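Novice: The following block contains the structure, expressed as structure tokens.
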Amino acid sequence: MNNEYIETIKSGMSKSVPPEPCIVVIFGVTGDLTHRELIPSLYALRCRNLLPKQFAIIGFARRDWSDDFFRTEMKNIMKKVNECGEKEWELFAKNLFYVRGDFNDDASTSYSDLRRRIKEVQSKLNIPDNVLFHLSTPPENYSAIIERLGRASLSKSESGWRRVIIEKPFGHDEKSARKLDDDIHKVFEEEQIFRVDHYLGKETVQNMLVFRFANPGFEPIWNRNYIENIQITVAEDLGIGTRGNFYESTGILRDMVQNHMLQLFCMAALEPPVNYDISLRSETKKVLDSVCRIDVEKDVVLGQYGSGIVKDERVVSYRVEKNVAANSTTPTFAAFKLTIDNWRWAGVPFYLRTGKRLKRKLTEVTIQFKPTPHLMFPGYKKDRLNRNVLTFRLQPNEGIIYTFMAKQPGAELKLQPVNLNFQYDTAFGISETPSAYQWLLFDAMKGDQTLFPRADWIYKAWSIIDAVIKKWEAEPWTELPNYTAGSWGPNEADKLISSGGCSWNVKD
Ligand SMILES: NC(=O)c1ccc[n+]([C@@H]2O[C@H](COP(=O)([O-])OP(=O)(O)OC[C@H]3O[C@@H](n4cnc5c(N)ncnc54)[C@H](OP(=O)(O)O)[C@@H]3O)[C@@H](O)[C@H]2O)c1
């Protein structure tokens, strides 16, 4: 691979035209998401020459910080990930500003300070009136902030644009999601609203689309005639850490299934969109519309972790984690069988599983093809070994793996599964793929909503999950915990898949 090619890839692939000059206002700038994702991602865009030259960030939170203190704090977190050196950081950091305020303040106080600061920065750095607001705040603050942005005349511009990014979770059920969207629409128009599901910004998730629709070989067999089942696993080895309060009111269904898992499911199942643009969102919505009604008793397994051993360390059960009730029934594991009522997928099961404190950290989507109709090799029966499996791996070692049968070298005719393995480092010369937030922030600054879920998708996803939550909350399983930390979840999850004549692709 020549160096010029690698450099093109590293400098941001095809997304090489920076957005228009603008200011990004981050509400909740002292929080975890800003530290771990937003500032590092914006700086990485700067290092890839993908930020406009006239650009600034204004942070908003309660702490009594000055501009300089904000810059120093951000420098400290960037020490580990400074991709392009001290000089570039200093240039970036001098355009960081801070406004102190409370989200619930009256529109005439902190929000007027914010408006004044935006104007000052615009005039100092010659930035036109383009502002992207990022709500990186507790979800209960979204409506209050939006309402005050409206009252402080910050949501519209005569000469430029205003946009707003809303973090996940978008509501905690269908009703609250609808209410939140109504609140947002009182102030912003639909084309100004960017609802985040950061999985959609992941390179391999976008690569699922490229793989299917830029390569003619697989799309003709991407259907019930050739595919036996599709599996989606999002496994974490970590527990809930210090987030007991949050997790008790959320659980795995709201935290993972309603959003990330269903987005991956839609990416695997959608019909070919006409273009790679906003029409993608109609196709993902159509997938959810075609999901058959879930029989919660038969098609869902929920669980909660007990104590166990993860990565050679003894860990405690969920119920004794900090800020968790001793008799909590909050699920930390979910496995689902979903089926789709359409021409392409009739009869093909989709098995989804996700959980905390599982054996290892792993996120992948596997397409399990049907066996050959007739196996002509003596001594071999049609079994699980000789099926083709296509794996989209999101972590660890992001890439795409195709497993097929090959002859072992030697006089005897012996078959063995082998892998064709695409990895980003060998193919593109990058050891790590860019973070999802880089592309999402970049797209929002460009006004491209393709990778941001539409409100009706979110409502539909909630309506699917609400039914399961309702049933569980009314009649939770009493025998909890029902899986050992460090395992692959409850035995019932194995029974769920084996009852369909299948087994989980990942078992060790
Ligand atoms: N962290 C993640 O990895 C992650 C991933 C996906 C989605 N999200 C979503 O992103 C959002 C932010 O998460 P986070 O983890 O960054 O939360 P966090 O660490 O709790 O940060 C919350 C931020 O909001 C500020 N804040 C809270 N109440 C305020 C008020 N009344 N007035 C002014 N500032 C206030 C806090 O400022 P103070 O310093 O003044 O407290 C802090 O800056 C949440 O909706 C979360 O669900 C987070």
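Novice: To the nearest 20 Debye, how big is the dipole of the chain about its Cα centre, given +1 on the beta carbon of each Lys and Arg and -1 on that of each Asp and Glu? Write out the running numbers ahead of the final one.
Specialist: Working: 68 positive and 66 negative charges, 135 e Å.
About 640 debye.
Novice: Next question, about the same structure. Would you mind counting up the charge near residue 487? Only other residues with Cβ under 9 Å from its Cβ, with Lys and Arg at +1 and Asp and Glu at -1. Show your work: numbers first, answer last.
Specialist: Working: positive: 357, 359; negative: none.
Result for the local shell: +2.
Novice: Still on this structure: Placing unit charges on C-beta atoms (Lys and Arg positive, Asp and Glu negative, everything else neutral), compute the dipole magnitude of segment 68-183 about its Cα centre in debye, rounded to 20. Don't skip to the answer; put the middle values down first.
Specialist: Details: 21 positive and 21 negative charges, 70 e Å.
It works out to roughly 340 debye.
Novice: Moving on. Within the chain, which whole H helices from DSSP have a Cα span along their axis of at least 24 Å and a mean Kyte-Doolittle hydropathy of -0.5 or more, if any? Write out the running numbers ahead of the final one.
Specialist: On the way: long enough: 455-474 (27 Å, 0.12).
The qualifying helices are 455-474.
Novice: So in the chain, which Cys have no other cysteine's beta-carbon sitting under 4.7 angstrom from theirs?
Specialist: 22, 266, 292, 502
Novice: Of 463, 438, 304, which is farthest towards the positive pole of the chain's charge dipole, taken about the Cα centre with +1 and -1 on the beta-carbons of Lys, Arg and Asp, Glu respectively?
Specialist: 304
Novice: Then there is this: Take the cross-link list 286/495; 359/407; 285/361; 311/507; 370/414 and give me the ones stretching past 26 Å between alpha-carbons.
Specialist: Details: 286/495 30 Å; 359/407 32 Å; 285/361 29 Å; 311/507 16 Å; 370/414 21 Å.
Pairs exceeding 26 Å: 286/495; 359/407; 285/361.
Novice: Using alpha-carbon pairs under 8 Å, 6+ residues apart, how would you state the relative contact order of the chain in percent? Before the final figure, lay out each step's value.
Specialist: Numbers: 893 pairs, mean separation 87.2, N = 508.
This gives 17 percent for the chain.
Novice: Within segment 439-503, list the GluC sites (Glu not before Pro) lying in a DSSP loop whose Cβ has at most 16 other Cβ atoms in a 10 Å radius.
Specialist: Working: sites: 473, 479, 492; in loops: 479.
Loop-located and lightly packed - 479.
Novice: What does the net charge come to around residue 467 if you take all other residues with beta carbon closer than 14 Å to its beta carbon, with K and R at +1 and D and E at -1? Walk me through the intermediate numbers first.
Specialist: Numbers: positive: 175, 254, 293, 298, 460, 470, 471; negative: 173, 174, 295, 297, 299, 466, 473, 475.
Computed value for this residue: -1.
Novice: So, in Å, what gap is there between the alpha-carbon centers of segment 125-165 and segment 304-349?
Specialist: 37
Novice: A follow-up question, please. Which of the aspartates and glutamates could be linked to residue 202 by a straight reach, that is with a Cα gap under 19 Å, when you skip same-chain ones fewer than 8 residues away?
Specialist: Candidates past the 8-residue exclusion: 37, 167, 236, 255, 277, 283, 364, 398, 425, 432, 443, 448.
Novice: Right, another one. Amide H neighbours of residue 136 under 5 Å, at least 5 residues apart or on other chains, H built in the peptide plane: list them.
Specialist: For residue 136, whose amide H was placed from the backbone, the distant partners under 5 Å are 27.
Novice: Along the charge dipole of the chain, pointing to its positive end and built from +1/-1 on Cβ of Lys, Arg, Asp and Glu, which listed residue (34, 130, 274) has its Cα farthest out?
Specialist: Positive-most Cα among the choices belongs to 274.
Novice: Fewest Cβ neighbours within 10 Å first, please rank 357, 212, 63 accordingly.
Specialist: Ranked by crowding around the Cβ, least crowded first: 63, 212, 357.
Novice: Once you sort the root eigenvalues of the Cα gyration tensor of segment 408-508 as a ≥ b ≥ c, which label holds: rounded (a/c under 1.5), prolate (a/b larger than b/c) or oblate (the other case)? All intermediate terms of the calculation are to be shown ahead of the outcome.
Specialist: Values: a/c = 2.45, a/b = 1.06, b/c = 2.31.
Oblate.
Novice: Express the relative contact order of segment 3-167 as a whole percentage, based on alpha carbon pairs under 8 Å and six or more residues apart in sequence. Each step should come with its number before you reach the end.
Specialist: On the way: 233 pairs, mean separation 45.6, N = 165.
Worked out over segment 3-167, it gives 28 percent.
FYI, it's all coordinate maths here, none of it is from the lab. These figures come from a predicted structure and were not determined experimentally. Glycine also receives a Cβ, built like all others from the backbone with ideal geometry; neighbour counts cover every protein chain displayed.
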